[in-house]
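Q: Got a structure for you, written out below as structure tokens; questions coming shortly.
The values are calculated or read from the model by the stated rules, or taken from the named source; none is laboratory data. Worth saying up front: this structure is predicted, and the values here are computed from it rather than measured. Positions of Cβ are generated from backbone atoms using ideal geometry, with glycine treated the same way; all protein chains shown enter the neighbour counts. Surface accessibility is based on the protein's heavy atoms, side chains included, excluding ligands, DNA and RNA. Shrake-Rupley method; radii C 1.70, N 1.55, O 1.52, S 1.80 Å.
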Amino acid sequence: MKLTLWTYEGPPHVGAMRVATCMTGLHYVLHAPQGDTYADLLFTMIERRNHRPPVTYTTFQARDLGGDTANLFKDAARDAYARFKPQAMIVGASCTAELIQDDPGGLAEALELPIPVIPLELPSYQRKENFGADETFFQIVKALAKPMPRTEAITCNILGATALGFRHRDDVTEVTRLLGLMGISVNVAAPMGSCPADIARMGQAHFNVLLYPETGETAARHLERACGQPYTKVVPIGVGATRDFLHEVSALTGLSAKVDESALRAPWWSASVDSTYLTGKRVFVFGDATHVMAAARIAATEIGFEVVGMGCFNREYARPMRAAAKAYGVEALITDDYLEVEAEIARLQPELILGTQMERHIGKRLGIPCAVISSPVHVQDFPARYSPQMGFEGANVIFDTWIHPLVMGLEEHLLTMFREDFEFHDEAGPSHHGAKAMARTEEEVAEPSEAVAAEDTGGHAIPVVTPSGEIVWMPDAERELKKIPFFVRGKAKRNTEKYAADRGVVQITVDTLYEAKAHYAR
């Protein structure tokens, strides 16, 4: 048993809620104890949705366990249908309710409701959230979608976008626009934005576009078998992948892959002279497999970063992740333990982290800039503005998002450099207001005489920083350390302490600092 503060994925019934919440006309009856309703907050507080998930909980309590919890579920399902009148219903149990071994699917079937009721079998103690979303979407498609004649014009379905997904809302819009440039209309985008009636007409599309394999691949494979619809394998994140995606769609449809790229600015921005400082930056990439593999390709081939480490938390994609990592000469880290991820980042000392909300916290602790590229995310990663990750506009957004933490580091460095300047102080006022600056009134501080200083300190400088263990920083060395640019100061500090520890040095002086610098520069 392992206790943890953070987790990359919730239990599978949260994945089912992600599907139900992003659809309309669908209701989820969840056999769950009082307390499991916490999941509502994920959608209303983090994603900032204006309505709570369409979920009815049985909310049984401890005193109910000795009674008839099955009837509690039947009453809840019956009441949910009477109140919400959904087009279809999904039923299942949370991880806690799974232990009491009621059968939500069988109980709901006995009610003989006049709508499709789709039972979910989600093994709460073996699988996790993304599996729950993928399996739920698959079961809905399997129950409702049937083969039917194709539309006259070429159309496709877009699969995989769910609630709580990283920029899924805007990705669907951007890919729809991209397909429109090729003359292709979207038949159904699902599960996000669809209803059960839409799912029932998915079979009339000519092919499927799979945006997120983690939450849509099982449904895509089913539609390929049941309805004869091929699906795309390339996820259009980044300039190169978007062009590959267009060529893949062209091969499926016979339409031209040439589209208007005039709004694409990322390639020129990353190649301009102002971006030369980005070349060779060492990056560590971690998140879900789809976003990590796409981000590594962008980092290495489109911006000029060096990928020094990469990995994913979803073990189902360990094999493709290992193959992708091998192409960059690194070994993939496959783990859902954020402490392992933190240890690997501390060991590699990258200059930029591309990760999830977890890695953003890790970056803050280690003093390393971080840009979020994948779920799990926090409230600030659901912006009000249009901010896709896919398509050509997504490439522009990614460039801005990744570069921002590094540029902020440079600005911080400038503030540090000029903080002692006589023109910069609280009373000076903004310089752009013109000729109002007042010089700082410097207070004269009397330097203690050598005799007094020697008397106060016993002839030795007093260390003011005790970072850890026996190693201490002397005051002059600490002042010299503060002259190092902000965005590399943490690394310089760690390198110096390691250099001192390896040589048994317990007091870091200015000489130690520059000896360490010379050592690591070789």
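Q: When you scan region 294-396 for helices (runs of 4 or more DSSP H) that lie fully inside it, which ones turn up with 2 or more residues that are touching a Pro at 6+ places or on another chain (Cβ under 7 Å)? Explain how you work it out, then say what you get.
A: Details: elements: 318-327, 338-348, 357-366.
Those helices (runs of 4 or more DSSP H) span 357-366.
For (1) buried (at least 24 other Cβ atoms within 10 Å of the Cβ); (2) more than 13 Å from the chain's Cα centre (by Cα); (3) more than 22 Å from Glu129 (Cα to Cα); (4) without any contact (Cβ under 8 Å) to a residue 60 or more places away in the chain, each residue gets a yes or a no:
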site	(1), (2), (3), (4)
Ala296	yes, yes, yes, yes
Glu302	no, yes, yes, no
Met310	yes, yes, no, yes
Ala324	no, yes, yes, yes
Gly329	no, yes, yes, yes
Leu348	no, yes, yes, no
Leu354	yes, no, no, no
Lys364	no, yes, yes, yes
His378	no, no, no, no
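Q: If a residue has to be touching a residue at least 40 places away in the same chain (Cβ under 8 Å) and assigned to a loop (DSSP other than H, G, I, E, B) to count, how many in region 36-52 make the cut?
A: If we filter region 36-52 for residues that are touching a residue at least 40 places away in the same chain (Cβ under 8 Å), which is where we start, we get 36, 42-43, 45-49.
Subsequent filtering for residues that are assigned to a loop (DSSP other than H, G, I, E, B) retains 47-49.
Final tally of qualifying residues: 3.
Q: For Thr290, work out the one condition from (1) under 20 Å from Ala161 (Cα atoms); (2) in a helix (DSSP H, G or I); (3) free of Cβ contacts under 8 Å to residues at least 60 places away in the same chain it doesn't fulfil.
A: (3)
Q: Any idea which residue in region 190-206 is farthest from Val379 (Cα to Cα), counting only those that are crowded, with 23+ Cβ neighbours inside 10 Å and hydrophobic (A, V, I, L, M, F, W, C)?
A: Ala205
Q: Considering region 388-399 alone, what residues qualify as being polar (S, T, N, Q) and over 14 Å from the mean Cα position of the chain (by Cα)?
A: The first filter runs over region 388-399 and keeps only residues polar (S, T, N, Q), leaving 389, 396.
Once the filter is applied, which keeps residues that are polar (S, T, N, Q) and over 14 Å from the mean Cα position of the chain (by Cα), region 388-399 yields only Asn396.
Q: Then there is this: Sort out which residues of region 158-181 are open to solvent by less than 20 Å² (accessible area, probe 1.4 Å) and over 23 Å from Pro54 (Cα atoms), and write them in order of number.
A: Asp171, Glu174, Val175, Leu178, Leu179
Q: Show me the strands (runs of 3 or more DSSP E) found entirely inside region 62-171 where at least 2 residues are closer than 30 Å to Val397 by Cα and modelled with pLDDT of 95 or more.
A: Details: elements: 88-93, 117-119, 155-161.
So the answer is 155-161.
Q: Looking only at region 232-286, how many residues end up being β-branched (Val, Ile, Thr), in contact with a helix residue (DSSP H, G or I) (Cβ under 7 Å, 6 or more places away or on another chain) and open to solvent by 20 Å² or more (accessible area, probe 1.4 Å)?
A: Qualifying residue count for the region: 3.
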